[in-house]
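The values are calculated or read from the model by the stated rules, or taken from the named source; none is laboratory data. Since the structure is predicted, the reported quantities are computational estimates derived from the model, not experimental observations. Cβ sites come from the backbone with ideal geometry, for glycine too, and all protein chains shown count toward neighbours. Protein only, heavy atoms only, side chains kept; ligands, DNA and RNA dropped before computing areas. Shrake-Rupley method; radii C 1.70, N 1.55, O 1.52, S 1.80 Å.
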Amino acid sequence: MEIEKGAKMISGTTARLLSVQYVQRPSGILVPERVGVPVAPIDLIKTYVTHEELVGEKSQLAAIVDVLKRINVFQVLGFTSQWLTRHYDPGVDHARLDREYAELHFQGTRRVKAASFASEGRVFVVPQLLHALAKLALIYSSTEVKDVVDVQVLGLLPLALGDHLDQSGDMPDGENVAVNADGTPGVLARHMISNQHLNRPLDAASLMASFSRRWREIPREHPHKNLGAFADLYRAEVGIDLNELESVVIAAWSHVMLRHKTFIPASYFQSCGVPQERAVAVLSHLASTLNGMRLHLANDIAELDGGLEWSIAPFERFPIMAVEGGVLVLDPRLLMHRAFGWLPYFDVVNKLQGDKKKVGQLRDYAGRVSEIYALEILDSIAPSLRKSIFYEEDLRRAYGTKRKVVDAVIDYGDRWVVIDVSTRQLMRESVAGVSGETVKRDLETLVKVKAGQIQSTIDAIRSDEARLTGSPGSANSFYPVIVASEGFPFNPITSSMIEDLLRTENLLQGPGIAPVQVVDIAELEIAEGVQESGGPSFIDLLSGKMDAGLWRASLRDYILVELRLAPKRPARLEELWKGLFNRVIEKVKPGE
């Protein structure tokens, strides 16, 4: 008998094992061993436990509403905000958190069954379900109810909603699960996009660093000739100083994260580093009353013609609720994004609505500032032994002002990274998962124009590299990268949609051109940290990802999950976020 290296034999014999062997992926799914080793996008998916699975019968939506009508609205909001806070704690062990949820909220055989689900990696603490529960409580629950509901009832409510938020079984006739014939995403694709957007990781340090550099430092260095610096414009139009915004929000964030208590008494803000009346002004800007939140929620559902499953726009705008004696932080992650993301920009836009000229100027200026920040990260990433990064002005000088060019290219010898930056954000309908048409438009706007500029730049370098670098080159491999500074859900479905779009437009199809990668600012910073930690270069990360199990997933997932790298924050980012945080902490003396 011929012995084959690596062949498996029946124990104690010389007979080959012919049956198919199975292995368990991280997702818990059993697959044949031959396909079970590489990490795949499905391994990134976690599934939540539903009421039907735990109890044995599907819940009734009318029964959920009836229960909510008997519960005080603030008990529900306290419950949802508490678990959202625990979920977003930077040091959280999510598996342990799910086990704790199961032990706290279920008794007897349900607890045993819940513990079994948790041990299999199934999820109980689900932001989508908690947000949906909070919205339903705002619609149906009352402040009049005095009875306190048992924790087991509260614990079942998110799971009960899980029975009803999956629409894949109720697709309209002719609609596909993934992508329809006209290129619009079907139900599953829309849900994946909404899910990925809602659950995008919060890196508070990256967020604060970006805010400090993008909205404060760069505008001070390069003020708009008509609008001035953004900090001055914000103060003039909104009536709040950015220093005040930073101090109040970081004080609130610190209180919630350290204590895991989402109610903050008004007295706490007396020691947050700004005068009390200014702290009140900031809180009034970020908070809504109960009735106000109900109105915003009703308007959001009406404007989107749905969106209960995924839209959290009212909570994004008002992550704090004004309550008697203080405030309730509904979602600490949304609070950080409210202060340090793009919403301060929209605060000013809303104040300037009567002046279309200024709104247009601010939009263009904000885009330019964000582009500058992204290019600073790329400058840090690029090899420094020689000039290796070339910007738009270099490309125009080399190839003429009439040629379409990108924002930057990085020369690695025979390999080039060709990068264009976009500050476009997903439309509300795309985020809420209610419109495939808006997703398609978002995709076309993000990719089509940028791909044309990337293709033009590649053609120019291939035709005469020396005009740019000053010496003959041997460029034969190009890696197109679109930096979606505000994020774009890059997954197997959207990457396939991008490939179909580019194939139809005959863009980036030639030999030596890698598939387009869409990355956000935080992912660039992760790549920056990998390099500083002695790991693969940016080009090697892009090249390695092409043959990876997660080649259709995000760059973040490839680095952190498949490569299992844990890079430190880059020095540039560390200096930025600590500068902001320390400036605030010097003034903040949290009260009890």
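For D379 and K448, what is the calculated FRET efficiency with R₀ set at 35 Å and r taken between the beta-carbons, to the nearest 0.05? The calculated FRET efficiency here is 0.80.
Add +1 for every Lys or Arg and -1 for every Asp or Glu among the other residues with Cβ under 11 Å from the Cβ of E371, and state the total. Mind dumping the intermediate values first?
Values: positive: R214, R368; negative: D364, E376, E392, D407, D420.
Every neighbour counted, the sum reads -3.
Could you work out how much longer the chain between A302 and K357 gets when fully extended? Use 0.36 nm per residue separation minus the Cα distance between them, nm to one decimal.
16.8 nm
Summarising the label geometry, the points placed 7 Å from Cα in the beta-carbon direction at Q509 and L202 lie 4.5 nm from one another.
Measuring with a 1.4 Å probe in the full set of protein chains, what accessible area per residue, in whole Å², belongs to the chain?
Working: 27090 Å² over 592 residues.
Heavy-atom accessible area per residue stands at 46 Å².
Projecting label points 7 angstrom from Cα along Cα→Cβ for S284 and Y391 puts them 4.2 nm apart.
Give me the percent of accessible area attributable to carbon and sulfur for region 42-112, probe 1.4 angstrom. Numbers along the way, then the final one.
On the way: 1930 of 3700 Å².
Roughly 52 percent, rounded to a whole number.
Here region 455-548 is described by how far its Cα atoms reach on the three principal axes: 39, 35, 26 Å, from widest to narrowest.
So how much slack lies between L258 and V65, counting 0.36 nm per residue of separation and subtracting their Cα-Cα distance, in nm?
Value of the extension gain: 66.1 nm.
How much of the accessible area of region 483-592, in percent, comes from carbon and sulfur atoms when a 1.4 Å probe is used?
Numbers: 2430 of 4780 Å².
That fraction is 51 percent.
Write down, largest first, the equivalent ellipsoid semi-axes of region 215-276 in whole Å, where each equals the square root of 5 times an eigenvalue of the alpha-carbon gyration tensor.
Working: eigenvalues 182, 30, 13 Å².
Square roots of five times the eigenvalues give 30, 12, 8 Å.
Inter-part distance, region 520-541 to region 429-476, computed on C-alpha centroids, equals 21 Å. Rounded to the nearest 0.05, the FRET efficiency derived from the C-beta distance between E437 and T109 at R0 = 56 Å is 0.75. Considering all C-alpha pairs of region 60-134, those separated by over 14 Å amount to 66%. Over the residues of the chain, the helix contribution to mean residue ellipticity at 222 nm works out to -15500 deg cm²/dmol, using -39500 (n - 2.57) for each DSSP H run of at least 4. Zone of I45 (label point 7 Å along Cα→Cβ, backbone N under 18 Å): which residues in region 115-146? Taking a point 7 Å out along Cα→Cβ of I45, the residues of region 115-146 whose backbone N falls under 18 Å are 120-124, 126-129.
In plain terms, the chain from M427 to S463 could stretch by 9.1 nm, reckoned as 0.36 nm per residue minus the Cα-Cα distance. Looking at the chain, the DSSP beta bridges with both ends there are about 55 percent antiparallel. Note that the chain carries a Kirkwood radius of 26.3 Å, evaluated over its alpha carbons pair by pair.
Reducing region 346-387 and region 282-313 to their Cα centroids gives an inter-centroid distance of 28 Å.
Run the accessible area of region 347-467 with a 1.4 Å probe and give the carbon-and-sulfur part as a rounded percent. C and S fraction of accessible area: 46 percent.
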